[in-house]
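A short worksheet on the structure shown next.
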Amino acid sequence: QLQLVESGGGLVQPGGSLRLSCAASGSTLDSLPIGWFRQAPGKEREGVSCITSSGNPNYADSVKGRFTISRDNAKNTVHLQMDSLKPEDTAVYYCAPSFCSRATIRSWPSFGSWGQGTQVTVSS
């Protein structure tokens, strides 16, 4: 069964950068579209970015031009490089198999093995 573990979060000042990692076990990622999602306190979880199995990225408008998603199939990992961070990026970030297109970043309803996520806090 696919298990995903997120890491790389932390406290960073506005304008700073972080690189998140999504590491898989129990299955390989290379055939799966993977998305990054975030949930801020009191808000619903939202799709941030996703990458198709062939490596095509998509981004929410709120992060376009600041975040870059990539995949390393050899290491069974998907990364999210986050630059020019803003306080509104503060949230717990999760990764999951995702429907992934220019208009859609949505986790598979059948995926129930969400990880613990990684906390990103952007504050001065």
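Couple of notes before you dig in:
- As a summary of the residue check, residue 77 satisfies the conditions (1) under 14 Å from residue 2 (Cα atoms); (2) at pLDDT 95 or above; (3) open to solvent by 70 Å² or more (accessible area, probe 1.4 Å) except for the one numbered (3).
- Extreme residue, farthest from the chain's Cα centre (by Cα), among residues of segment 19-44 that are within 16 Å of residue 91 (Cα to Cα) and open to solvent by 30 Å² or more (accessible area, probe 1.4 Å): 42
- Residues in segment 50-70 that are open to solvent by less than 50 Å² (accessible area, probe 1.4 Å), at pLDDT 95 or above and not polar (S, T, N, Q): 8 in all.
- Against the test of being surrounded by 19 or more Cβ atoms within 10 Å (Cβ to Cβ), of a type in the set (Gly, Ala, Ser) and touching a residue at least 12 places away in the same chain (Cβ under 8 Å), the options 47, 15 yield a single qualifying residue, 47.
- Qualifying residues in segment 103-119 (those that are assigned to a loop (DSSP other than H, G, I, E, B) and not aromatic (Phe, Trp, Tyr)) - the one nearest to the chain's Cα centre (by Cα): 117
- Residue ranges of strands (runs of 3 or more DSSP E) in segment 18-102 with at least 2 members of a type in the set (Phe, Trp, Tyr): 34-39, 91-101
- Only one entry of 83, 89 meets the criterion of being crowded, with 22+ Cβ neighbours inside 10 Å, farther than 24 Å from residue 25 by Cα and in contact (Cβ under 8 Å) with a residue 40 or more places away in the chain, and that entry is 89.
The values are calculated or read from the model by the stated rules, or taken from the named source; none is laboratory data. Every value quoted in this text rests on a predicted model; they were computed, and no experiment measured them. Neighbour counts run over all protein chains shown; Cβ positions are idealised from the backbone, glycine included. Just the protein is used for accessible areas: all its heavy atoms, side chains included, with ligands, DNA and RNA removed. Shrake-Rupley method; radii C 1.70, N 1.55, O 1.52, S 1.80 Å.
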